[in-house]
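Notes follow once the structure below has been shown.
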Amino acid sequence: MPLVRGRGAKFPPPKLLITTNLDNDDAFSSDVVELLRREVRPAPGKRIYSLLYGYQYFTDRKFALKMRYTNNHFLTLVEPFDENAETIISYRHTKAIRQQPTVFIATRRGKWLEIVHEDNVSNDFRINIKVWYIPLLYGRSFADFGLGGFRVSCAGQWANTLLVVPVRFLVTAVRRLHRKWSR
């Protein structure tokens with residue numbers, strides 16, 4: 001694009017580096033790239049984008065919960081594409097939103113899917129003021145994540161929400177308190 005000087009000057013858009021954290025056992029909704037493309041605005045310096053809503057799927061019980069999680073590990077860093085570029089890997093997700101200006105993107109449906117399985121070391125219930133769990137009391141297909149045959153049933157969601165979630169939450173809280181007191 002040519003540079004034009006004077007009133008109504010047009011300059012080439014700044015070159016941006018956009019990096020997003022995604023583990024190999026998790027997923028994004030198929031429209032996340034388009035959503036970020038619409039939301040990203042050129043700004044001076046660096047900026048974090050947080051997709052507020054997502055899902056946790058627990059493989060041991062075959063149930064899912066919707067989450068509102070401000071500093072989830074699916075953050076996107078938008079920064080100038082230059083010699084000072086860091087990428088999102090340079091930030092711990094639990095602290096990133098305090099280190100850079102952050103844009104929170106709220107959507108009706110969750111945009112990320114975290115798979116909680118027996119090989120995860122740190123993914124489980126999060127007991128934190130910044131995390132809200134929202135029960136999915138209906139069946140849910142995850143076709144919008146590219147997982148066509150993957151769904152949770154309505155009956156399973158009700159049973160797990162009423163019986164398993166409170167117990168799992170309590171067990172997680174007791175385990176964390178025990179670890180804290182053992183130090």
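Checked against (1) farther than 18 Å from Phe63 by Cα; (2) modelled with pLDDT under 90; (3) in a strand (DSSP E or B), Phe104 passes all but a single condition, namely (2).
For the range 15-37, enumerate the residues that are in contact (Cβ under 8 Å) with a residue 40 or more places away in the chain, open to solvent by 30 Å² or more (accessible area, probe 1.4 Å) and β-branched (Val, Ile, Thr). The answer is Ile18, Thr20.
Within the range 53-70, being closer than 15 Å to Trp112 by Cβ and open to solvent by 10 Å² or more (accessible area, probe 1.4 Å) holds for Tyr53, Tyr57, Lys66, Arg68, Tyr69, Thr70. Filtered by the rule that a residue be open to solvent by 50 Å² or more (accessible area, probe 1.4 Å) and not in a helix (DSSP H, G or I), the range 89-101 gives Arg92, Pro101.
Looking only at residues in the range 107-121 that are open to solvent by 20 Å² or more (accessible area, probe 1.4 Å) and within 18 Å of Arg168 (Cβ to Cβ), which one is modelled with the highest pLDDT? Taking the candidates together, the pick is Ile115.
Looking for something of a type in the set (Lys, Arg), open to solvent by less than 50 Å² (accessible area, probe 1.4 Å) and in contact (Cβ under 8 Å) with a residue 60 or more places away in the chain - is there at least one such residue anywhere in the range 41-48?
In the first step, residues of the range 41-48 are kept if they are of a type in the set (Lys, Arg); the result is 41, 46-47.
So of that shortlist, the ones also open to solvent by less than 50 Å² (accessible area, probe 1.4 Å) come out as 46.
Next, from what is left, pick out any that are in contact (Cβ under 8 Å) with a residue 60 or more places away in the chain: none.
Checked against the condition, which is being of a type in the set (Lys, Arg), open to solvent by less than 50 Å² (accessible area, probe 1.4 Å) and in contact (Cβ under 8 Å) with a residue 60 or more places away in the chain, the range 41-48 yields no hits at all.
When you check Asn71 against the structure, is it under 23 Å from Ser29 (Cα atoms) and either not polar (S, T, N, Q) or not in a strand (DSSP E or B) (or both), yes or no?
yes
In the range 1-57, the qualifying residues are those that are among the polar types (S, T, N, Q) and assigned to a loop (DSSP other than H, G, I, E, B), and the one that is modelled with the lowest pLDDT is Asn24.
Every condition in (1) within 17 Å of Thr20 (Cβ to Cβ); (2) in a strand (DSSP E or B) is met by Glu86 except one, and the failing one is (2).
The values are calculated or read from the model by the stated rules, or taken from the named source; none is laboratory data. Just so you know, these numbers come straight off a predicted model, no measurement behind them. Cβ coordinates were reconstructed from backbone atoms using ideal geometry, including for glycine residues, and neighbour counts include every protein chain displayed. All accessible areas refer to the heavy atoms of the entire protein, side chains included, with ligands and DNA or RNA removed. Shrake-Rupley method; radii C 1.70, N 1.55, O 1.52, S 1.80 Å.
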